[in-house]
1. Ordered by packing density, taken as the mean number of other Cβ atoms within 10 Å over each peptide's residues, highest first, how do 301-312, 127-138 rank?
2. Once you charge only the Cβ atoms, +1 for Lys and Arg and -1 for Asp and Glu, what is the size of the charge dipole of segment 241-301 about its Cα centre, to the nearest 20 debye?
3. Gain in length, Leu288 to Ser274, computed as 0.36 nm per residue apart minus the alpha-carbon separation, to one decimal in nm?
4. For segment 25-88, what's the relative contact order in percent, using C-alpha pairs closer than 8 Å and at least 6 residues apart?
5. Kindly provide the helix-only [θ] at 222 nm of the chain, computed as the sum of -39,500 (n - 2.57) over DSSP H runs of four or more divided by all residues, to the nearest 500 deg cm²/dmol?
6. Which of the aspartates and glutamates could a cross-linker span from Lys265 if the Cα-Cα distance has to be under 16 Å and same-chain partners fewer than 8 positions apart are dropped?
7. State the Cα centre-to-centre distance between segment 394-420 and segment 123-170 in whole Å.
8. So, in nm, how far is label Ala198 from label Thr244 when the simple model puts each one 7 Å beyond its Cα toward the Cβ?
Amino acid sequence: MWGGRFAAEPDRVMQRINASIGFDRRFATEDIAGSRAHAAMLAAQGILTAADAAEIDRGLVAIEAEIEAGSFAFSEALEDIHMNIEARLAELIGPVAGRLHTARSRNDQVATDFRLWVRGWIDATDAGLAALQRALLAQAEAGAAFVMPGFTHLQVAQPVTWGHHMLAYVEMIGRDRGRLADARMRLNECPLGAAALAGTGFPIDREMTALALGFGAPMANSLDAVSDRDFVLETLSAATICATHLSRMAEEIVIWSTAQFGFVKLSDKYTTGSSIMPQKRNPDAAELVRAKIGRIIGAQVALTTVMKGLPLAYSKDMQEDKEPFFDAADALALAIAAMEGMVRDMAPVPERLRAAAASGYSTATDLADWLVREAGLPFREAHHVTGRAVAAAEAAGVDLPALPLETLREIDGRITEGVYEVLSVEASVASRRSYGGTAPEQVRAQIARWKELLQ
């Protein structure tokens, strides 16, 4: 493509390090869409004849059909998806194919392709996250009143409900979707027409191509248009936070499914066995979801490192932006699908959840709150009194609801029989009726809100 300037063929090693067709072939659909929009605009502006534009469009449609059918022959010698398509177009329609590259460069072409691809991936990922939210909502609705332990430091803290716990992840994923939507909004500007870096002297209509490709507007600075990869970094950042949420959920599923916890039973579809221990049911899907975060964080670090020292405008370093992103995008999409399936199929075990919720003096805070509310103690004094009650229960080998009233009154004479109304785990969760609290009525209200949002 630059034979006029160079007399010698590139070395084989140079071909290998320079070629990107092994991975940027994923841009084929986007590249053809951009080329069709560009050709139509050139014709509308009188830069191409209508006949040439129609011939180019016919050829591009034929190439797209070949790629979809798997019959297109990709060539490493042609470096990238842009030149592969252009070369095939020349084979199909002859020299008129060379007119397609008027008023554009591979720099603005690849930037456009990448934005289109990321935009499509965000849309598909958003749909997957919405499906995961629906699976979590189904779990929350079925177990809105199941009592389970809430943890801090992985120690039993206070009773909560299964539905409340599921809704925590619905909220997290809602923020993930919001971050991806924000990234999509910012990336939805079109680089096409920026050419190599300075724009073009041809009378092009960048608004027309931007509109044809579904962008909100053309990018306003040609240098920025070809050199910006913020949209990839921002999407990777959102993907990293999302993968962190999935990893936390996966870790809980791993813990919950152990014999020691027994909080959930996982389906055969998302577990594996052992080659030597026939009793094993391993939560491999959850473990792999937990591990995918490493690849996604790695992609973000890799691309940030590539971009941090690049002067304006385009440098070949930017060819290294695609493989990490594709790997991260594939990893997150698979993790979301696996998590959605696991959540949809997993079965909580209410009796184990309740037994664990009732352990570890989990209603101690309810006793302290009762002392403040009913006996008028300052909270710090109530906290001290409750600590003594916990110590007494621990010494007696019982939980708080089993402590005799006389023992409690020896600790503080202001305690009455009414305290037992708050010491059960059911009473504890029922009392947490503040907005966003764990009470079943609050859980059901939040489920209804999310159902409406997801319609």
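The values are calculated or read from the model by the stated rules, or taken from the named source; none is laboratory data. Since the model is a prediction, treat every value here as computed from it, not as a measurement. In this analysis, Cβ positions are derived from the backbone assuming ideal geometry, glycine residues included, and neighbour counts consider all displayed protein chains. What goes into the accessible areas is simple: the full protein's heavy atoms, side chains included, and nothing from ligands, DNA or RNA. Shrake-Rupley method; radii C 1.70, N 1.55, O 1.52, S 1.80 Å.
1. Details: 301-312: 13.5, 127-138: 19.9.
Averaged packing, sorted descending, gives the order 127-138, 301-312.
2. Working: 8 positive and 5 negative charges, 14 e Å.
For segment 241-301, the charge dipole is close to 60 debye.
3. Values: separation 14, 0.36 × 14 = 5.04 nm, distance 1.61 nm.
Once the chain is fully extended between Leu288 and Ser274, it gains 3.4 nm.
4. Numbers: 34 pairs, mean separation 25.3, N = 64.
With pairs under 8 Å counted, the relative contact order is 39 percent.
5. Working: 18 runs with 279 residues, N = 455.
Roughly -20000 deg cm²/dmol at 222 nm, from the helical runs in the chain.
6. Glu251, Glu252, Asp284, Glu287, Glu340, Asp345, Glu351
7. First find each Cα centre; the distance between them is then 33 Å.
8. Placing both labels 7 Å along Cα→Cβ, they lie 4.4 nm apart.
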